1. Translational diffusion coefficient of the stretch 104-271 at 20 °C, 1.002 mPa s, Stokes-Einstein with Kirkwood Rh over Cα pairs, in µm²/s as a whole number.
2. Taking R0 as 41 Å, what FRET efficiency do you get between Lys191 and Glu126 from their Cβ-Cβ distance, rounded to the nearest 0.05?
3. Taking neighbour Cβ counts within 10 Å as the exposure measure, how do Trp220, Trp176 sort from fewest upward?
4. Which value results when the Cα radius of gyration for the stretch 208-255 is divided by 2.2 N^0.38 Å?
5. Can you figure out the FRET efficiency of Ser144 with Ala68, using R₀ = 35 Å and their beta-carbon distance, to the nearest 0.05?
6. Within the chain, what's the longest run with no trypsin sites (Lys or Arg not before Pro) in a DSSP loop and at most 16 other beta-carbon atoms within 10 Å? Give the range, please.
7. Please count, across the chain, the pairs of lysine residues with Cα atoms under 18 Å apart that sit 8 or more places apart or on different chains.
8. Can you tell me, using C-alpha contacts under 8 Å and at least 6 residues apart, the relative contact order of the chain as a whole percent?
Amino acid sequence: MNTFGGGGQRADFDLNPGEWLVAVLRREAAGIPEAVQFETNTGRKSQWYGDLFFRGDVSNYLAMPRLAAPPGQMIVGLVMRTGGGCCNGIQNIVSIESPTSTPWRFPADANVDCKDYHPRIGGGQEEVGGFNRGQYKLANACDSSDGTPFHTFLNYGVNGADYVDFIFTFEDANTWCSGYRQSGHSSWGTKTFTKDIEIYTGDANFGPWTEVATDSHSTWHNGATNTFPDDGTTTQWTPTAPSKYLLVRTRTNHNQFNGILTMRFLQLKLSTPPN
């Protein structure tokens, strides 16, 4: 973070895994913002940023009202005052549900478009549509019903250097995604279940992408029941920005020799801040 009007570079305030911002504290002098401090859900606080004149003794400044996210939410943006040159200061915060309170949703219920891709079909930019190019498409696993599942197209699975991409397109480009979970279909055996994955976010359909998580999923499944009481096939992360697209890249299954992937149910953890 930089300070201006004579300030210099200050040390970064890095968040730990499972930590997010919940409050902003402000100090000013004669109506001019002079110092700001950030507080996390764990109670940890940053140093004071700004503080050009008193060098740590911020009690010399007038305390402004503490800006805190509502319970169960986290701060994802700042609303700055308008006018006043370079020293406008922070007027308000923007918050969304925190990862612990963000709801798990079936993508179909949130109008999320779900498609699968393979690097050897259309250079990875042509929808595959699963087995039979449409019958076993990814969208089948994206609602709460136990109908036709997702099954990879014949000979286009995760063998060798091959991988399978799932790209989710959100209705709102200001969507914050913080979790992905899935379960395979036992009719083809647990070897066809997802194992090693990489997760990315982006604002264009085919990238560039920003990696947000990697994980290895187990062979747990709940049969025809669409709930997830076990976390062995769940991946969560703390988002740092909203996105229009989510990419889940599956690198391996559990040693099914044809590289087949199956999926019975799939959910995302989604939040969109109010307008």
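1. On the way: Rh = 15.5 Å.
Translational diffusion coefficient: 138 µm²/s.
2. Details: r = 27 Å, r/R0 = 0.66.
Given R0 = 41 Å and the Cβ-Cβ separation, E is 0.90.
3. Numbers: Trp220 16, Trp176 24.
Neighbour counts put them in this order, fewest first: Trp220, Trp176.
4. On the way: Rg = 13.3 Å, N = 48, 2.2 N^0.38 = 9.6 Å.
That ratio works out to 1.39.
5. Details: r = 35 Å, r/R0 = 1.01.
That pair, Ser144 with Ala68, gives E of 0.50.
6. Details: sites that count: Arg10, Arg44, Arg55, Arg66, Arg81, Arg120, Arg251.
Value returned for the longest uninterrupted segment is 121-250.
7. Numbers: Lys115/Lys137; Lys115/Lys244; Lys115/Lys269; Lys244/Lys269.
Eligible lysine pairs with Cα atoms under 18 Å apart amount to 4.
8. On the way: 657 pairs, mean separation 51.5, N = 275.
19 percent.
Here, each number is a calculation from the coordinates, and none is a lab measurement. Predicted model, so just to flag it, every value in this text is computed and none were measured. Reconstructed Cβ throughout: ideal geometry from the backbone, glycine too, with neighbour counts over all protein chains shown.
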